[in-house]
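Participant: For reference, the structure I am asking about is given below.
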Amino acid sequence: ALEPAAYPVGLHKEDYALFLGRMCPEKGVVTAIRTARAAGVPLVIAAKSDLLGRARCLLFPIDWEEPFGMVMIEAMACGTPVVALRGGSVPEVVADGVTGFVCEDPAGLAGALRRIGDIDPAACRQRVVDHFGTDNLAQGYEDAYRTALARTAW
């Protein structure tokens, strides 16, 4: 979870895609570079910073079963949509066509990157508030624990 208020929403997007994450093969930086080149879109590769709020989108071309991908909700909290490969938690985090695009293979990423202007930054932020904010997550854990306790015979 994260506190959405700590992430300023960037409503005015600059003309670049952003790769933000650890520099290791499974995070997909090489695929991000190839995708940006194929789409003709500048790519910024960086560690986490205010670039996130100004980016046209976050490129998340993972090559493994990502268990969560905190950077996706950090991007959406800033009003920045996500273009990602399907894997692990991606379909649970990114609402395809609403907060970004979930692609089946690297060949689909460039087309999604070209269509990213169709995504409303406010919808990205709202998804984080509704599903990943600290209050909602804490309540979800409490509900799950109460359900588990109710099923357990002491």
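Participant: Looking at region 13-25, I want the residues that are on the phi > 0 side of the Ramachandran plot and have a partner that is of a type outside the set (A, V, I, L, M, F, W, C) with Cβ atoms under 8 Å, at least 6 apart or on another chain. Which pairs are those?
Facilitator: Gly21/Lys27
Participant: If you go through region 76-85 one residue at a time, how many are under 22 Å from Gly108 (Cα atoms), out of contact with any Ser or Thr (no Cβ under 9 Å at 6 or more places or on another chain) and touching a residue at least 40 places away in the same chain (Cβ under 8 Å)?
Facilitator: Adding up the residues that qualify gives 1.
Participant: Just the residues that are under 17 Å from Gly69 (Cα atoms) and either touching a residue at least 24 places away in the same chain (Cβ under 8 Å) or surrounded by fewer than 14 Cβ atoms within 10 Å (Cβ to Cβ) (or both), please, taken from region 125-137.
Facilitator: Arg125, Arg127, Val128, Val129, Phe132, Gly133, Thr134, Leu137
Participant: Now a separate question. Are any residues in region 13-48 modelled with pLDDT under 90, assigned to a loop (DSSP other than H, G, I, E, B) and within 14 Å of Met76 (Cα to Cα), and if so, which ones?
Facilitator: Lys48
Participant: List every residue pair whose Cβ atoms lie under 7 Å apart, where the two residues are 6 or more positions apart in sequence or sit on different chains, the first residue falls within region 97-115 and is touching a residue at least 60 places away in the same chain (Cβ under 8 Å), and the second residue, located anywhere, is open to solvent by less than 70 Å² (accessible area, probe 1.4 Å) and among the hydroxyl-bearing types (Ser, Thr, Tyr).
Facilitator: The qualifying pairs are Pro106/Thr31; Pro106/Thr35; Leu109/Thr35; Ala110/Thr35; Leu113/Thr35.
Participant: Here's something else I'd like to know. For region 93-112, state whether one or more residues are of a type outside the set (Gly, Ala, Ser), closer than 18 Å to Glu3 by Cβ and open to solvent by less than 10 Å² (accessible area, probe 1.4 Å).
Facilitator: yes
Participant: Give me the residue from region 45-69 that is within 13 Å of the chain's Cα centre (by Cα) and of a type in the set (Phe, Trp, Tyr) and, out of that set, surrounded by the fewest Cβ atoms within 10 Å (Cβ to Cβ).
Facilitator: Result: Phe68.
Participant: If you check Ala55 against the conditions, is it closer than 21 Å to Asp118 by Cβ and either touching a strand residue (DSSP E or B) at 6+ places or on another chain (Cβ under 7 Å) or of a type in the set (Ser, Thr, Tyr) (or both)?
Facilitator: Yes.
Participant: Just need a number here: residues in region 79-92 that are open to solvent by less than 10 Å² (accessible area, probe 1.4 Å) and either closer than 15 Å to Gly28 by Cβ or not β-branched (Val, Ile, Thr) (or both).
Facilitator: The qualifying residues number 8.
Participant: Restricting the search to region 113-124, which residues are assigned to a helix (DSSP H, G or I) and open to solvent by less than 50 Å² (accessible area, probe 1.4 Å)?
Facilitator: Residues satisfying the conditions are Leu113, Ile116, Pro121, Ala123, Cys124.
Participant: Scanning region 26-67 for residues that are β-branched (Val, Ile, Thr) and in contact (Cβ under 8 Å) with a residue 40 or more places away in the chain, which turns out farthest from Pro121 (Cα to Cα)?
Facilitator: Restricting to residues being β-branched (Val, Ile, Thr) and in contact (Cβ under 8 Å) with a residue 40 or more places away in the chain, the top hit is Thr31.
Participant: Only residues that are over 18 Å from Glu65 (Cα atoms) and not in a helix (DSSP H, G or I): list them for region 90-112, please.
Facilitator: Result: Gly97, Val98, Thr99, Gly100.
The values are calculated or read from the model by the stated rules, or taken from the named source; none is laboratory data. All of these numbers come straight from a predicted model, not from anything done at the bench. Every residue, glycine as well, gets a Cβ built from its backbone with ideal geometry; the counts of neighbours run over all protein chains shown. Surface areas here come from the heavy atoms of the whole protein model, side chains and all, with no ligands, DNA or RNA. Shrake-Rupley method; radii C 1.70, N 1.55, O 1.52, S 1.80 Å.
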